[in-house]
Amino acid sequence: MTPNSSLVPLPDTNILVHFVRQSPLYRRIEAQYLLSPTDPQPVLSIVSRGEILAFADRNNWGGARRQRISEFVARCEVLSLDYPGIVEAYAELSEISRLSGRTMSDNDLWIAATASVTGATVLTTDKDFDHLYPKWILREWISPNTP
């Protein structure tokens, strides 16, 4: 796939972990999806910011890794849960998930709601958003096994 400059990326928290670790997979993601502070600016759910900070605490990340988190967050437009339409989208996607027999974590539901309202594309290495794609959200699944 070639870089898509019209896609507005919304990285899932697992992408942030790869960024902090500067994994080969992240370098490919950054090149392919243009995760930079230029247009289009990535969107980030405030939930992902909280998740990555909790992950950092749990894994005793030091100052250098925490600084990388701050650098990434500074690249993004961070949207709070009170952004117009996100709460309503959360409720709708929660019910859609329930009716489809899928259980999503609350954090993934907030991330999906942010994508739904903004039209941004969730970048993820897991399958948690699959049942919402392509009808309710845009999603790019990135195989974690191919650097």
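Test residue 101 against the stated conditions and say whether it is over 27 Å from residue 146 (Cα atoms) and modelled with pLDDT of 95 or more. Here the answer is yes, as residue 101 does meet what is asked. Taken over segment 109-133, the residue count meeting the criterion of being in a helix (DSSP H, G or I), touching a residue at least 24 places away in the same chain (Cβ under 8 Å) and not hydrophobic (A, V, I, L, M, F, W, C) is 4.
Identify all residues within segment 33-45 that are at pLDDT 85 or above and over 9 Å from residue 75 (Cβ atoms); write none if there are none. Selection gives 43, 45. Can you confirm whether segment 70-86 contains a residue that is free of Cβ contacts under 8 Å to residues at least 24 places away in the same chain, more than 18 Å from residue 123 (Cβ to Cβ) and in contact with a Phe, Trp or Tyr (Cβ under 9 Å, 6 or more places away or on another chain)? No, segment 70-86 contains no residue that is free of Cβ contacts under 8 Å to residues at least 24 places away in the same chain, more than 18 Å from residue 123 (Cβ to Cβ) and in contact with a Phe, Trp or Tyr (Cβ under 9 Å, 6 or more places away or on another chain). Only one entry in 66, 139, 75 is of a type in the set (Lys, Arg), out of contact with any Ser or Thr (no Cβ under 9 Å at 6 or more places or on another chain) and either within 18 Å of residue 49 (Cα to Cα) or surrounded by 13 or more Cβ atoms within 10 Å (Cβ to Cβ) (or both), namely 66.
The values are calculated or read from the model by the stated rules, or taken from the named source; none is laboratory data. If you're wondering where the values come from, they're calculated on a predicted model, not measured in any experiment. Counting neighbours? That spans all protein chains shown, and the Cβs are built from the backbone with ideal geometry, glycine included.
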